[in-house]
Amino acid sequence: MPVNCTSRRAFYSILILLHRTVFMEYASEFFGTMILVIFGTGANCQAILGSSKEVAAFSSGDWSSLSLGWATAVALGVWVSGGHVNPAVTIAFATWRDFPWRKVPGYIVAQLLGGVVGAAITYGTYSHAIDIVEGGAGIRTLKTAGLFGTLPASYLPAANAFFAEFLATAMFLFGIMMFTDPKNKTCLPSPALPGGLFVLVLGIATALGMQTGFAINPARDLGPRMLTAMVGYGSEVFTARNHYWIWCPIVATICGAQAGTLAYDLFLFKGDEGVVQKL
């Protein structure tokens, strides 16, 4: 009996150790991204659906409230997770900092799943309002798909849409590197980082976000986009604008993150960590 008890304790100790050293890290990315998407897509739904008089007696939001919602979403997501909550950030830190590449696939999967679940929660909350705006129960079109995945303005050429997401994400990573540079006077202590991100995302939203919806995060776009395909929007959410979803919310954001980080490292980074500093 004592031997069994000892074995059980050892087994439980191993599980707890795995949870604290492995699972908790990925769970943090999942929940952080889920929180980010709930607040962000929720702000989209309230601002856009709430503009319909059949949904709300008075306007429930505008671009300002939507921008504040996404800034809050990113700040809370990082506050909850203490991590990246963004594949573009994860890949940039693996490329230019010492974040281990072996963790990158797990981080991205956790972030993507968090995006799907967060969007599902928002969709369930606003599904009746979506029915009203779409014109009937079960009708789902690109008219409301943009509440979850991003879409460019109708007048915007593909190259301009790519550059808009590239630039916004480059600015995002440039700011993150500035906030986290240990030898920079503008470096923020960990508890203050979400506040800095709030200001940064609010600035991007109000200055650079109008034309493409400022995805700046592949998981924030792809997770909700996958959810919309599951609940009745169909394959059009992926085929619209010549497969916009892959070139701008994913490729452009990852490339922009690389460019923003490289620019900071080449000219301003004062720390010892990083590829450029080791050359």
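The table below gives the values:
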{"quantity": "Hits in the stretch 142-186 - residues which are of a type in the set (Asp, Glu) and within 15 Å of the chain's Cα centre (by Cα)", "calculated": "Glu165"}
{"quantity": "Cross-chain or 6+ apart pairs with Cβ under 7 Å, the stretch 168-194 first and more than 17 Å from Ala71 (Cα to Cα), then surrounded by fewer than 17 Cβ atoms within 10 Å (Cβ to Cβ) and among the charged types (D, E, K, R)", "calculated": "Asp181/Lys270; Lys183/Lys270; Asn184/Lys270"}
{"quantity": "Single condition Leu142 does not satisfy, out of (1) surrounded by 14 or more Cβ atoms within 10 Å (Cβ to Cβ); (2) free of Cβ contacts under 8 Å to residues at least 24 places away in the same chain", "calculated": "(2)"}
{"quantity": "Tabulated pairs, the stretch 63-75, first without any contact (Cβ under 8 Å) to a residue 24 or more places away in the chain, second part of a helix (DSSP H, G or I), C-beta under 7 angstrom, 6+ apart or interchain", "calculated": "Ser65/Ala43; Ser65/Ala47"}
{"quantity": "Qualifying positions in the stretch 224-279 - in contact (Cβ under 8 Å) with a residue 40 or more places away in the chain, under 30 Å from Asn184 (Cα atoms) and either outside any helix (DSSP H, G or I) or of a type in the set (S, T, N, Q) (or both)", "calculated": "Thr253, Gln258, Thr261, Leu268, Phe269, Lys270, Gly271, Glu273, Gly274"}
{"quantity": "Residue selected from the stretch 212-240 under the condition in contact with a Ser or Thr (Cβ under 6 Å, 6 or more places away or on another chain) and small (Gly, Ala, Ser), by the criterion farthest from Ala159 (Cα to Cα)", "calculated": "Ala219"}
{"quantity": "Subset of the stretch 197-210 (residues that are surrounded by fewer than 20 Cβ atoms within 10 Å (Cβ to Cβ) and not aliphatic (A, V, I, L, M))", "calculated": "Gly203, Thr206"}
{"quantity": "Failed condition for His84, given (1) buried (at least 16 other Cβ atoms within 10 Å of the Cβ); (2) part of a helix (DSSP H, G or I); (3) in contact with a Phe, Trp or Tyr (Cβ under 9 Å, 6 or more places away or on another chain); (4) at pLDDT 95 or above", "calculated": "(2)"}
{"quantity": "Subset tally (residues that are polar (S, T, N, Q) and outside any helix (DSSP H, G or I)) for the stretch 37-64", "calculated": "4"}
{"quantity": "Test set (1) more than 22 Å from Thr95 (Cα to Cα); (2) surrounded by fewer than 21 Cβ atoms within 10 Å (Cβ to Cβ); (3) not aromatic (Phe, Trp, Tyr) - Thr180 fails condition number", "calculated": "(1)"}
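Yes/no per residue for (1) in contact with a helix residue (DSSP H, G or I) (Cβ under 6 Å, 6 or more places away or on another chain); (2) within 15 Å of Val201 (Cα to Cα); (3) modelled with pLDDT of 95 or more; (4) assigned to a loop (DSSP other than H, G, I, E, B):
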position: Arg9; (1), (2), (3), (4): no, no, no, no
position: Arg20; (1), (2), (3), (4): no, no, no, no
position: Glu29; (1), (2), (3), (4): yes, no, yes, no
position: Gly32; (1), (2), (3), (4): yes, no, yes, no
position: Ile35; (1), (2), (3), (4): yes, no, yes, no
position: Leu66; (1), (2), (3), (4): yes, yes, yes, no
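The values are calculated or read from the model by the stated rules, or taken from the named source; none is laboratory data. All of these numbers come straight from a predicted model, not from anything done at the bench. Positions of Cβ are backbone-derived with ideal geometry, glycine not excepted, and every protein chain shown enters the neighbour counts.
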